[in-house]
Amino acid sequence: MASKSKKRKSSVSSSPKPPLSSPTTAPATSIDFSPEVADSGPSSGHSERFFLGALAILVLGIVLRQLFLGPAPFHPDEAIHAHFSRSLISYVYDPVYHGPLLYHLVGAVFGLFGEYDYTARLVPSLLGVLLLWMILFPARAFLGNRAAIIAAALVAVSPSIVTYSRHLLHDSLVLVLTLGAVLCFATTLQKGAGERGGRAARIGLCAFAALFLATKANVFFILVMLATFWMAWRFAGRFRLPDDAASSIPPLCFGVVCLAAFAFPRDNSFPEALKNSQHTLFQLVAVGACAWMFLWLMTRKISAQELEFKRDWHKKTDLTTYLFALGAGLWIFIFLFGSWVPVLLQWATQGEFPAQKWSDGIASAQGAIGKMLEYWGGQQGKPRLPGRHDYYIVLGLLYELPLYLAALGGIWNAAKNRSAFTDLLLWWAFTSWAVYSVANEKVPWLLVHIALPLALLSAVWLAKIRWKKPVLAICATLGLAFALRSNSAFIFERAGDNAEPLLYAQTPDEFRDAFLGALEKTQGRSGAVWLENERQWPTFWYYRDKNNPLRGDSGLAIGGTPDFASLRVAVGQEKNRAELEKANMDIKEANFLIWNRPSWSAISPVRYGRWFFTRETVPSAERDKPQNQWELSILAGKGEWSHARALVGTPKN
């Protein structure tokens, strides 16, 4: 094992290299692509300690992603996604709700196991476990044993990644597809298209890209990120910088973007002209920093083996591989966007081929990418949920503080100890940081797409550290305790009532309890259940099952102006209070504290410490006070939120 480790070190960029004009005759496909990780062991080695560690991490990851998976109230988007999944036969692609892949997967689970809160969230939960497996095994070829274990551990307990592996949103699936695409892409830089591993990697890359297109518009960013890295990789070694100067560029780029986000925050309280000018300035800084990083990628020293591989790529290529890869990607795309599954389901249930649905599916597949780009462009031009440029800095300090601290070391280490793979991780991490900071819409689930590459970068650095020193063990223990505290807030506590900023527009637990309690109280009564338009999601999900004894024979009315006196249950807002009181209804209130974004005030020691242990985003005593009088809330200062009340009415007699 030691001899193999030395062999790895002989080809990394920090080692002496033969002149580029005199390449050696080493096989062109044996490029060392992985980072230099001390005592990591060969990626293919069978270490009992590695497999025991991997098993422990998988068990921990499964527990955090499966324990009490069903009880949390549904986010409105979760209810919409579950509705599409259970109604797949009538599904029509709409870019507002992203791609059809998730609905196909959840629909299959519903068909096998029934439609329940737990089964609705089973797919993202299992995808979260799959992500850990991918880090521990396929990614181990690039990371090494120790770094793979550490990366999987960081991802296993990451509060943001755990949380969005427990909700029926698209982001758990996006993480799997992103990592799959990155690993396939990295393999294509090692192996030719005519080789077994290279052939599978190219087919896999096209397949992941097609599945990604059928999931979420993040795909465009990831494809551009990989394409630009390939360009820089082709020209690596053509430029030179002194080692000290080169190693300082990535940390400086991260720092420049962070400082610009702080200096030009584009706060929603600013006048529109100021917000626009600050956004333009920040865009210029971010684009400039990306260009700087791109040029830096081309300064990596390359080995003679890598140079020979690039020169002789045409000798290892295979046109059949590329045709098959493109064909596989195209088939997946047409299958999902062309509504083949809804067509087959309707054909099977009705006994007649649905020609119109088939024709509509073809048109949908033809226009899908255009619709995606149009919707995504519209979101950037006129965002529904604009936010500050420094949003992910503050949110990460609240939930991912240990990871952010480790990432500082990971960025510095990758800048000093370069390989093609660490450069790829740096480019992925930095462009994610810059793009999501620039993007107009700021939502907490996008934090996971920053956290994943930072976890991999951090792991490469942490794998080099000798962990026998007590202070390092203490730091690791504190980091684990920090992450588990946040995870416990989502698994064991009423995170919806506490308005956790990582959840954003989450339905409070008290609303779900009030609605189900109203159905139980009025069980057996006649009259319809009425939902005000703004409260139809996720309420509709809890009223979906016709066989639910709490539902009975009552119909469901949404919107309009009903005869409140004839209703069995009414779910409205504050504006409906007078009608509910006139109809002599008992009223239960549920407070929605949503769209909550903390600002820098959140990390003041008193506010941060109190919130960390109590998890009260806005203490009840401060909810009815003006914001400038808040002393304890982490939404004080420039924090944002929306406070609305839902009213659940039932007849008094």
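Residues in region 414-429 that are under 23 Å from Thr163 (Cα atoms) and not small (Gly, Ala, Ser): Trp428 only. Whenever a residue of region 593-613 is free of Cβ contacts under 8 Å to residues at least 60 places away in the same chain, its partners that are surrounded by fewer than 20 Cβ atoms within 10 Å (Cβ to Cβ) and not in a strand (DSSP E or B), lying with C-beta atoms within less than 6 angstrom and at least six residues away or across chains, give the pairs Ser601/Gly637; Arg610/Leu632.
Selection of first residues in region 273-302 that are within 15 Å of Leu259 (Cβ to Cβ) and of second residues that are of a type in the set (Lys, Arg) and surrounded by 14 or more Cβ atoms within 10 Å (Cβ to Cβ), restricted to Cβ pairs under 6 Å at least 6 apart or on distinct chains, gives the following pairs, ordered by first then second residue: Gln278/Arg266. Exactly one residue out of Ser364, Ser277 is part of a helix (DSSP H, G or I) and surrounded by 15 or more Cβ atoms within 10 Å (Cβ to Cβ): that is Ser364. For region 307-360, name all the residues that are touching a residue at least 60 places away in the same chain (Cβ under 8 Å), in a helix (DSSP H, G or I), open to solvent by less than 80 Å² (accessible area, probe 1.4 Å) and under 25 Å from Ala207 (Cβ atoms). If the condition is that a residue be touching a residue at least 60 places away in the same chain (Cβ under 8 Å), in a helix (DSSP H, G or I), open to solvent by less than 80 Å² (accessible area, probe 1.4 Å) and under 25 Å from Ala207 (Cβ atoms), then Phe309, Thr321, Ala325, Ala328, Gly329, Ile332, Phe333, Leu336, Phe337, Val341, Pro342, Leu345 are the ones that fit. Residues that are assigned to a helix (DSSP H, G or I), touching a residue at least 60 places away in the same chain (Cβ under 8 Å) and either out of contact with any Pro (no Cβ under 7 Å at 6 or more places or on another chain) or crowded, with 18+ Cβ neighbours inside 10 Å (or both) within region 367-392 comprise Ala368, Ile369, Met372, Leu373, Glu374, Trp376, Gln379, Gln380, Tyr391, listed in sequence order.
Scanning region 259-274 for residues that are open to solvent by 40 Å² or more (accessible area, probe 1.4 Å) and either in a helix (DSSP H, G or I) or of a type in the set (Val, Ile, Thr) (or both) yields a total of 6. Scanning region 280-304 for residues that are open to solvent by 40 Å² or more (accessible area, probe 1.4 Å) and closer than 14 Å to Ala236 by Cβ yields Phe294, Leu295, Lys301. Here Arg121 meets each of (1) charged (D, E, K, R); (2) in contact (Cβ under 8 Å) with a residue 24 or more places away in the chain; (3) open to solvent by 20 Å² or more (accessible area, probe 1.4 Å) with one exception, condition (3). Quick check on Thr422: is it touching a residue at least 24 places away in the same chain (Cβ under 8 Å), assigned to a helix (DSSP H, G or I), within 15 Å of Cys253 (Cα to Cα) and in contact with a helix residue (DSSP H, G or I) (Cβ under 9 Å, 6 or more places away or on another chain)? Answer is no for this residue. Among residues belonging to region 562-584 that are surrounded by fewer than 16 Cβ atoms within 10 Å (Cβ to Cβ) and aliphatic (A, V, I, L, M), point out the one that is farthest from the chain's Cα centre (by Cα). Residue satisfying both the conditions and the ranking: Ala565.
Return the residues of region 89-110 that are modelled with pLDDT of 95 or more and either surrounded by fewer than 21 Cβ atoms within 10 Å (Cβ to Cβ) or over 22 Å from Val162 (Cα atoms) (or both); say none if nothing qualifies. Answer for region 89-110, where residues must be modelled with pLDDT of 95 or more and either surrounded by fewer than 21 Cβ atoms within 10 Å (Cβ to Cβ) or over 22 Å from Val162 (Cα atoms) (or both): Pro100, His104, Leu105, Gly107, Ala108, Val109, Phe110.
Listed by position, the helices (runs of 4 or more DSSP H) enclosed by region 135-185 that each have at least 1 residues that are over 17 Å from Ala459 (Cβ atoms) and not hydroxyl-bearing (Ser, Thr, Tyr) are 159-163. With respect to the stated conditions, Phe229 fails to be modelled with pLDDT of 95 or more, over 29 Å from Pro453 (Cα atoms) and surrounded by 15 or more Cβ atoms within 10 Å (Cβ to Cβ). Could you tell me whether region 451-461 includes any residue that is in contact (Cβ under 8 Å) with a residue 40 or more places away in the chain, farther than 26 Å from Gly61 by Cα, hydrophobic (A, V, I, L, M, F, W, C) and in contact with a Leu (Cβ under 8 Å, 6 or more places away or on another chain)? For region 451-461, residues in contact (Cβ under 8 Å) with a residue 40 or more places away in the chain, farther than 26 Å from Gly61 by Cα, hydrophobic (A, V, I, L, M, F, W, C) and in contact with a Leu (Cβ under 8 Å, 6 or more places away or on another chain): absent.
The values are calculated or read from the model by the stated rules, or taken from the named source; none is laboratory data. Just so it is clear, the model here is predicted, and its values are computed rather than measured. Cβ coordinates were reconstructed from backbone atoms using ideal geometry, including for glycine residues, and neighbour counts include every protein chain displayed. Side chains included, ligands, DNA and RNA excluded: accessible areas come from the protein's heavy atoms. Shrake-Rupley method; radii C 1.70, N 1.55, O 1.52, S 1.80 Å.
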